[in-house]
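Structure, as structure tokens:
The values are calculated or read from the model by the stated rules, or taken from the named source; none is laboratory data. What you see is a predicted model; the values in this text were computed from it and never measured. All Cβ positions, even for glycine, are placed from backbone atoms using ideal geometry, and neighbour counts span all protein chains on display. Accessible surface is based on the protein model in full, side chains and every heavy atom, while ligands, DNA and RNA are left aside. Shrake-Rupley method; radii C 1.70, N 1.55, O 1.52, S 1.80 Å.
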Amino acid sequence: MHTNQTYIIYWVPSDYTVDSSYTSTINQFFADVAQDSGKMSNVYYSDTQYYDGSGYVSYSSGVGGSYMDTNAFPANGCSDRYTSVCLSDAQIQQEIGNVIAAQGWEPGPSALFFMVTARGVGSCYDSSNCAFTQYCAYHSSFGSGSTATLYANIPYANTVPSACDAGQHPNGDDADATINLISHEHNEAITDPLGNAWFDRLGQEDGDKCAWNFGTPLGSTTGGAYNQVVNGHYYYLQQEWSNRSAGCVLTGT
């Protein structure tokens, strides 16, 4: 993705909950990443070393919009180890498509849609890969060609903190744990949107190669450590893989 425009869907029916500042903190993060486009001071700049036949990735991110989706969840499309509500990948794709149509958003090679689900909601990519056991989040696509829909499924990390929460909450909200998952999938989608771009011989993308590797903190708040300052706000994000540095980085390439 040479540039990227993000769209955030919060699927939170009326009888489900998120932490008090969950959506506002996540929206702030996306806005901060966009505001700091082009700067070398956070993990997103590492993506600029990757390229395809049309040229290099630019650290150029924007926010297309966000939407609170209060539609009821469908009947379980799967079963997982931890939750009583389980969404299949097909159900997630269907709801993303529904919201895109209702909001008049446009899929395409520079658009990335994040499905952020409520506390206590599970999902399975397939019969062998489920949230909080095999993954904390994932990115994928549906459709084909120039109108393919690029998306990421982002479960509520603190549903199972031992699996998906790094333990540092510099903003004092459960959103901090989920934002780390968002950053992981966002960077991977930028460098490998369709699963045929940048990955290693084991199939690991730039986020996978540095998962749960946070480097050295810059400081701390009452909620915990932070290792990134993005547009003046504090976050605790995993590092991303750099071919140029032959290792994991928090800034630059």
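Where does each of SER24, SER37 land when they are ordered by accessible area, with a 1.4 Å probe and the largest first? Mind dumping the intermediate values first?
Values: SER24 65, SER37 45 Å².
Ranked from most to least accessible, the order is SER24, SER37.
Compare the Cα positions of SER60, ASN153, SER14 along the charge dipole of the chain (+1 at Cβ of Lys, Arg; -1 at Cβ of Asp, Glu; about the Cα centre) and return the one farthest towards the positive end.
SER60
Please report the carbon-and-sulfur percent of the accessible area for the chain; probe 1.4 Å, protein heavy atoms only, DNA, RNA and ligands left out. Please report the intermediate quantities before stating the final value.
Details: 4780 of 10430 Å².
Carbon-and-sulfur percentage of accessible area, whole number: 46.
Assuming 0.36 nm per residue, please report the length gained on full extension of the stretch ALA101 to SER79 beyond their Cα-Cα distance.
Values: separation 22, 0.36 × 22 = 7.92 nm, distance 2.82 nm.
Net length gain for the segment: 5.1 nm.
Run a plain Debye calculation on the chain (Cα atoms as equal point scatterers, no solvent) and give log10 I(q)/I(0) at q = 0.07 Å⁻¹, rounded to two decimals, same order as the q list.
The calculated log intensity ratios at q = 0.07 Å⁻¹ are -0.21.
Full extension from MET68 to THR222: what is 0.36 nm times the residue separation minus their Cα-Cα distance, to one decimal in nm? Show your work: numbers first, answer last.
Numbers: separation 154, 0.36 × 154 = 55.44 nm, distance 2.91 nm.
Length gained between MET68 and THR222: 52.5 nm.
Accessible area per residue for the chain in Å², computed with a 1.4 Å probe and the full protein assembly in place, what is it? Could the numbers behind the result be given before it?
Numbers: 10430 Å² over 253 residues.
Accessible surface, normalised per residue, equals 41 Å².
Any idea which of CYS86, GLN168, ILE182 is furthest toward the positive side of the dipole for the chain, if Lys and Arg beta-carbons carry +1 and Asp and Glu beta-carbons -1?
Result: GLN168.
Just to make sure I understand: if all protein chains stay in place, what is the order of THR221, THR147 by accessible area at 1.4 Å, largest first? Numbers along the way, then the final one.
Numbers: THR221 40, THR147 95 Å².
Of THR221, THR147, the descending order of accessible area is THR147, THR221.
Using the charge dipole of the chain (Lys, Arg: +1 at Cβ; Asp, Glu: -1 at Cβ; taken about the Cα centre), state which of GLN228, SER128, ASN98 has its Cα farthest towards the positive end.
Of the listed residues, the answer is GLN228.
Around GLY65, which amide H atoms from residues at least 5 apart in sequence, or from another chain, sit under 5 Å from its own amide H, with H modelled in the peptide plane?
ILE8
To the nearest 20 debye, what is the magnitude of the charge dipole of the chain about its Cα centre, counting +1 on the Cβ of each Lys and Arg and -1 on the Cβ of each Asp and Glu? Each step should come with its number before you reach the end.
Working: 6 positive and 24 negative charges, 47 e Å.
It works out to roughly 220 debye.
Based solely on its DSSP helices, what 222 nm [θ] is calculated for the chain when runs of n ≥ 4 H residues each add -39,500 (n - 2.57) and the sum is averaged over all residues, nearest 500 deg cm²/dmol? Mind showing how you got there, number by number?
Values: 4 runs with 50 residues, N = 253.
The helix contribution divided over the chain gives -6000 deg cm²/dmol.
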